[in-house]
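Quick notes on the structure that follows.
The values are calculated or read from the model by the stated rules, or taken from the named source; none is laboratory data. Not measured: the values here are computed from a predicted model. Here the Cβ is made from the backbone with ideal geometry for all residues, glycine too, and neighbour counts use every protein chain on show.
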Amino acid sequence: MVPPATTAQPTAPSLTQTSLNKARRFFSALLRNPGSRIGLFLCLVLVFTALFAPLLAPHSPTELGVGRALTPPNAEFWFGTDEFGRDLLSRVIYGSRLTLKVGLIAVGISMTVGVLVGLVAGYAGGWLEAILMRTVDVLFSFTETLIALAAVAVLGPSLTNAMIAVGISSIPYYARITYGAVLVEKNKEYFKAAQALGAQHGRLLFRHILPNILSPIIVIATVGVSIAVLSASALSFLGLGAQPPSPEWGAILAAGRDYFKTAPWITTFPGVAIALTVLGFNLLGDGLREALDPQQRQ
């Protein structure tokens, strides 16, 4: 007896397959933009250089007398040497480590505190919202540079304190963006349904609201890295950030300004490195904004 033929039922795509499809669409949208491809390449070069600095650098970044002082770029010293005979290429390569560290830590501080303040203010409302957001408004009345200078003046000049200062100066931006996004999400049907079902405050905040407002925060954080790099370099240039003999790019610029006419390569190469880093993160941020925007992906 022949068994009756059975029709195959279509199976729903697995959760893993769905996640892979979303990731594929995201990277496709990200790489579609030529600017974001350039930005991603520059950021990857920075990360690669920072990770493999000991292998890429021909000399120690702080070793004195590797060559003659103020030697122009040549076959042996591609970026030349500084006033102490240190290899400038090695200092720029090792400086990428400090630059990446500054960007990530400063943005981590500002994003963590700012997002938490915006979440609590937008969700709680009432007097707590008034206190938190008026404090943010007061910080907005000062420029980032002024806030960073004040923080460094209190904490003292060092690279660590510069990272903390830059992180503090950017907190209002993350708080304001998060606050506005929370107010929008609170009025959506899914949030009201979760409230009606008796969801706890922590679940409402971190399970329902936060995942739905991450897109603008990620974009701002990417651009914020470039702002943090510029701010930290400016503080080091003023003598309030990294201290000698640290191979931080802003500190190298500060040391080379006295030799700008006789040895312009001391300021040229770290200046180009800062410019390319800022350009890379800005272009990547623009690409992420388009890739994370559903309307742009259509």
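Filtering the range 247-260 to residues that are in a loop (DSSP other than H, G, I, E, B) and at pLDDT 90 or above leaves PRO247, GLU248.
Scanning the range 234-262 for residues that are within 14 Å of THR145 (Cα to Cα) and buried (at least 22 other Cβ atoms within 10 Å of the Cβ) yields a count of 4. Within the range 118-139, residues that are closer than 16 Å to GLU185 by Cα have Cβ atoms under 8 Å from residues that are acidic (Asp, Glu) and modelled with pLDDT of 90 or more in these pairs: ALA121/GLU129; GLY122/GLU129, counting only partners at least 6 apart in sequence or on another chain. Can you find a residue that is buried (at least 19 other Cβ atoms within 10 Å of the Cβ), under 21 Å from SER233 (Cβ atoms) and not aromatic (Phe, Trp, Tyr) anywhere in the range 112-135? No, every residue in the range 112-135 fails to be buried (at least 19 other Cβ atoms within 10 Å of the Cβ), under 21 Å from SER233 (Cβ atoms) and not aromatic (Phe, Trp, Tyr).
Pairs, please: C-beta under 8 Å, at least 6 apart or cross-chain, first residue under 16 Å from PRO172 (Cα atoms) and in the range 140-161, second assigned to a loop (DSSP other than H, G, I, E, B) and of a type in the set (S, T, N, Q)? If the second residue must be assigned to a loop (DSSP other than H, G, I, E, B) and of a type in the set (S, T, N, Q), the pairs left are GLU144/SER170. Summed over the range 53-91, residues that are of a type in the set (Lys, Arg) and closer than 17 Å to GLU248 by Cα total 2.
Residues in the range 65-81 that are part of a loop (DSSP other than H, G, I, E, B) and within 32 Å of the chain's Cα centre (by Cα): PRO73, PHE77, TRP78, PHE79, GLY80. In the range 188-203, the residues that are within 17 Å of LEU119 (Cα to Cα) form Cβ pairs under 8 Å with partners that are surrounded by 13 or more Cβ atoms within 10 Å (Cβ to Cβ) and hydroxyl-bearing (Ser, Thr, Tyr), at six or more places apart or across chains, as follows: HIS201/TYR123. When you look at ALA23, is it of a type in the set (A, V, I, L, M), free of Cβ contacts under 8 Å to residues at least 24 places away in the same chain and out of contact with any strand residue (DSSP E or B) (no Cβ under 9 Å at 6 or more places or on another chain), yes or no? Yes; evaluated as a whole, the condition is true for this residue. Inside the range 159-193, can you point out the residues that are in a helix (DSSP H, G or I), within 13 Å of ILE147 (Cβ to Cβ) and of a type in the set (Ser, Thr, Tyr)? Passing the criteria: SER169, TYR173. Scanning the range 39-64 for residues that are part of a helix (DSSP H, G or I) and surrounded by fewer than 16 Cβ atoms within 10 Å (Cβ to Cβ) turns up PHE41, LEU44, VAL45, VAL47, PHE48, LEU51, PRO54, LEU55, LEU56.
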